[in-house]
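Trainee: Supplied in structure tokens, the structure appears directly below.
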Amino acid sequence: MTRLIKLALKAHRNQNSDPNIIGRINNKLKKLLDEDIGNPFKKIATLQKCLSKYQDYLFLFLENELVLPDNNGSERAIRNFKVKQKVSGFFKTNKGAENYAILRSVCDTAIKNNQNPLTPFKLAADYSSPE
């Protein structure tokens, strides 16, 4: 399974969307997930069952360039929130935490869209101020 994952990641890095390679990877995955593991390896059998349930999505990143092979972006997105929480010793109120999360979300969305993170706030201020 490790070799199969490494092969899929290598194909993704090389931007190789050759249907033959993708088909071979998916066939090998199906073969691995259909293999009888046996009773002594219950934890591995549980993992195998879970992977079988989601096998259509395991290598989706090979077929759809919008799907990333990892969740590093999500982890980076929550990092600022966790650092703020750690430094300040939590938020004083739930409303303060909610407001921070909304502002951080708007800022992160702008960054992900290659925009200046202050632009959405300027637009909101311009829209809400009377002329």
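Trainee: Here's a check for you: in the stretch 14-72, which residue that is touching a His at 6+ places or on another chain (Cβ under 8 Å) and free of Cβ contacts under 8 Å to residues at least 60 places away in the same chain is surrounded by the most Cβ atoms within 10 Å (Cβ to Cβ)?
Mentor: At the first step, the residues of the stretch 14-72 found to be touching a His at 6+ places or on another chain (Cβ under 8 Å) are 61-62, 69.
Right, trim to free of Cβ contacts under 8 Å to residues at least 60 places away in the same chain and you get 61-62.
Working: F61: 17, L62: 21.
Out of the qualifying residues, it is L62.
Trainee: Same structure again: Can you confirm whether the stretch 104-113 contains a residue that is polar (S, T, N, Q), in a loop (DSSP other than H, G, I, E, B) and closer than 16 Å to R76 by Cα?
Mentor: Taking the stretch 104-113 and keeping what is polar (S, T, N, Q), we get 105, 109, 113.
Right, trim to in a loop (DSSP other than H, G, I, E, B) and you get 113.
Going one step further and asking which of them are closer than 16 Å to R76 by Cα, we end up with 113.
Yes, that holds for at least one residue.
Trainee: Continuing with the same structure: Only one of K122, K82, K95 is surrounded by fewer than 11 Cβ atoms within 10 Å (Cβ to Cβ), at pLDDT below 85 and of a type in the set (K, R). Can you tell me which? Reasoning before the result, please.
Mentor: Working: K122 fails: at pLDDT below 85; K95 fails: at pLDDT below 85.
None of the others qualify; the one that does is K82.
Trainee: Quick check on the stretch 1-13: of everything there that is free of Cβ contacts under 8 Å to residues at least 24 places away in the same chain and not aliphatic (A, V, I, L, M), which residue is least open to solvent (accessible area, probe 1.4 Å)? Working first, answer last.
Mentor: Initial filter on the stretch 1-13 (free of Cβ contacts under 8 Å to residues at least 24 places away in the same chain): 2-3, 5-7, 10, 13.
Checking which are not aliphatic (A, V, I, L, M) leaves us with 2-3, 6, 10, 13.
Values: T2: 92, R3: 203, K6: 133, K10: 114, R13: 163 Å².
Filtering the stretch 1-13 for residues that are free of Cβ contacts under 8 Å to residues at least 24 places away in the same chain and not aliphatic (A, V, I, L, M), the one least open to solvent (accessible area, probe 1.4 Å) comes out as T2.
Trainee: Considering only the stretch 37-76, state which residues are part of a helix (DSSP H, G or I), small (G, A, S) and farther than 20 Å from L9 by Cα. Walk me through how you get there before you give the answer.
Mentor: Taking the stretch 37-76 as the starting set, the residues that turn out to be part of a helix (DSSP H, G or I) are 42-53, 55-58, 60-62, 72-76.
If we keep only those that are small (G, A, S) as well, we get 45, 52, 73-74.
Scanning the stretch 37-76 gives a single hit, A45.
The values are calculated or read from the model by the stated rules, or taken from the named source; none is laboratory data. Owing to the predicted nature of the structure, the values given are computational and were not obtained by experimental measurement. Neighbour counts run over all protein chains shown; Cβ positions are idealised from the backbone, glycine included. Ligands, DNA and RNA are stripped out before the accessible areas are found, and what is left, the full protein with its side chains, is counted by its heavy atoms. Shrake-Rupley method; radii C 1.70, N 1.55, O 1.52, S 1.80 Å.
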